[in-house]
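Enquirer: Please find one structure pasted underneath; my questions will follow.
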Amino acid sequence: MNQASFNQSLLSFLDDSPTPFHAVATMKRDLLAEGYEQLDEQQEWVISEGGKYFVTRNDSSIIAFTTPTLDFAHQGFRMIGAHTDSPCLKLKPNAHVERFGYHQLGVEVYGGVLLHTWLDRDLSIAGRVTFKTESGELKSRLIDFKDPIALVPNLAIHLSRGVNAEGFKVNPQEEILPVLCGAEHTFELEALLKEQIIRQNSDVTVESVLSFELSLYDVQKAAITGLHGDYISAARLDNLLSCYVGMQALLNADASRPTLLICTDHEEVGSQSSCGANGPFLEDVLRRLTPVPEQYTQTVQHSMLISADNAHALHPNYAAKHDQLHAPLINQGAVIKVNNNQRYATNSETAAVYKDIANSLELPAQTFVVRSDMACGSTIGPITSGEIGVATLDIGLPTFGMHSIRELAGSVDAFNLYKILVAFTEREHLITA
């Protein structure tokens, strides 16, 4: 795989994954195409040497792994972690709002959204809907309207003269409600959802829609941009970019060493859920693979996790927001994230492993430390490390506009991180005593 084909496939993955549910469905499709077997948490597992498997939880988190050997206690796993969710606007349960002759959608802000970036964008709706069939069964299906059907219009400057001087302020309860375009007459949200379920799923009948988890998203396609095609411009780069890179590394991993990819939901809101990094998903899988307690501990201690999540690139218009000695540049290498207050899980040993791999491939690596007078974000790294005790490195690709509706990262960085992660799966020894 070369950089051009890698990045084109990345664009397709981003476009096919407007929600965590769709991201997991896309990964499932690609894993099945590569011969991976799907496991069911409700059933007994039969794991064979030389196997390739994956399991999902809540349809929004996924763990995939290879078993070239069943001696996990001495081999451990080379683990890669990311998250499937991104900041967005989610529909409230009673979402239909009718005001002044317009039909609108009541939304809840999910995660740390840069709200002003959602104005004047062509928006669609996607997610999971749960319904009752005509035979009385409860089923869930994914839907995606794909077409632009909603918009959050800006207020004209003539009615908000001070906006450029005073800055943009928005009340998310009153001022961020999308207008459903073309629904100015009779409209019922349940009827619209029912029609969409049937349109996309000819195998089901729908008596009534019972509930849904639906998100708005920008329909503008992901793109390679820049004078020399050096940038990736897209929605949800944080953190579907890492999901894609991690999956490609897994699919091309060393065939002789156990490798595991985990992509979990709800990172943007703290990971505290049954399918989040602060839940039991990874531990449940590892304990099923190593049911003997002593072997489980040995497996974890022979393993290492690389937690991949986007990093803040130095913004040339806001350079003062960075520690000048730890200010990553786009396309100058993935970023090792360090925080001595344990907001990142990197330590000197895990950082050394990554640097040694990068050096061996003659690829660059950068380091990010937040300014000492600013608060630091966090990732699934310290959460996972704290949950199961695995040695962890936090890294990320430098990005502009993180948590905007459209973010910008480096096309060179993405492919180089993929090469480093593949080499990580081939690593025989981590740190020797």
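The values are calculated or read from the model by the stated rules, or taken from the named source; none is laboratory data. Note that the structure is predicted; figures quoted are calculated from it, not measured. In this analysis, Cβ positions are derived from the backbone assuming ideal geometry, glycine residues included, and neighbour counts consider all displayed protein chains. To get the accessible areas, we keep the full protein, side chains included, count just its heavy atoms, and leave off ligands, DNA and RNA. Shrake-Rupley method; radii C 1.70, N 1.55, O 1.52, S 1.80 Å.
Enquirer: Is it the case that the stretch 160-177 has a residue that's at pLDDT 95 or above, among the hydroxyl-bearing types (Ser, Thr, Tyr) and at negative phi?
Expert: no
Enquirer: Also, I was wondering about something else. Going through the stretch 190-219 one residue at a time, which ones are charged (D, E, K, R) and either farther than 9 Å from residue 131 by Cα or touching a His at 6+ places or on another chain (Cβ under 9 Å) (or both)?
Expert: Scanning the stretch 190-219 gives 190, 195, 199, 203, 213, 218.
Enquirer: Taking the stretch 117-133 only, how many residues are on the phi > 0 side of the Ramachandran plot and within 22 Å of the chain's Cα centre (by Cα)?
Expert: Going through the stretch 117-133 one residue at a time, the tally reaches 1.
Enquirer: Filter the stretch 17-58 for residues that are buried (at least 17 other Cβ atoms within 10 Å of the Cβ), free of Cβ contacts under 8 Å to residues at least 24 places away in the same chain and not hydrophobic (A, V, I, L, M, F, W, C) and give the result.
Expert: Listed by number, the residues that qualify are 26, 52, 53.
Enquirer: Just give me the residues in the stretch 353-379 being modelled with pLDDT under 95 and charged (D, E, K, R), in sequence order.
Expert: Listed by number, the residues that qualify are 371, 373.
Enquirer: Residues of the stretch 324-362 being open to solvent by less than 80 Å² (accessible area, probe 1.4 Å), aliphatic (A, V, I, L, M) and over 17 Å from residue 306 (Cα atoms), which ones?
Expert: If the condition is that a residue be open to solvent by less than 80 Å² (accessible area, probe 1.4 Å), aliphatic (A, V, I, L, M) and over 17 Å from residue 306 (Cα atoms), then 327, 330, 361 are the ones that fit.
Yes/no per residue for (1) in a strand (DSSP E or B); (2) over 20 Å from residue 111 (Cα atoms); (3) without any contact (Cβ under 8 Å) to a residue 40 or more places away in the chain:
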{"residue": "367", "(1), (2), (3)": "yes, yes, no"}
{"residue": "374", "(1), (2), (3)": "no, no, no"}
{"residue": "378", "(1), (2), (3)": "no, no, yes"}
{"residue": "382", "(1), (2), (3)": "no, no, no"}
{"residue": "392", "(1), (2), (3)": "yes, yes, no"}
{"residue": "423", "(1), (2), (3)": "no, yes, no"}
{"residue": "427", "(1), (2), (3)": "no, yes, no"}
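Enquirer: Only one residue in 68, 18 is in contact with a Pro (Cβ under 9 Å, 6 or more places away or on another chain) and either charged (D, E, K, R) or over 23 Å from residue 394 (Cβ atoms) (or both). Which one?
Expert: 68
Enquirer: Right, here's the next one. Being under 30 Å from residue 409 (Cβ atoms), open to solvent by 60 Å² or more (accessible area, probe 1.4 Å) and either aromatic (Phe, Trp, Tyr) or in contact (Cβ under 8 Å) with a residue 24 or more places away in the chain (or both) is the filter here; which residues of the stretch 280-323 pass it?
Expert: Within the stretch 280-323, 312, 315, 318, 321 meet the criteria.
Enquirer: Can I ask one more? How do the strands (runs of 3 or more DSSP E) wholly within the stretch 157-242 filter down when requiring 1 or more residues that are open to solvent by less than 80 Å² (accessible area, probe 1.4 Å), touching a Phe, Trp or Tyr at 6+ places or on another chain (Cβ under 8 Å) and farther than 30 Å from residue 7 by Cβ: which remain?
Expert: Counting at least 1 such residues, we get 208-218.
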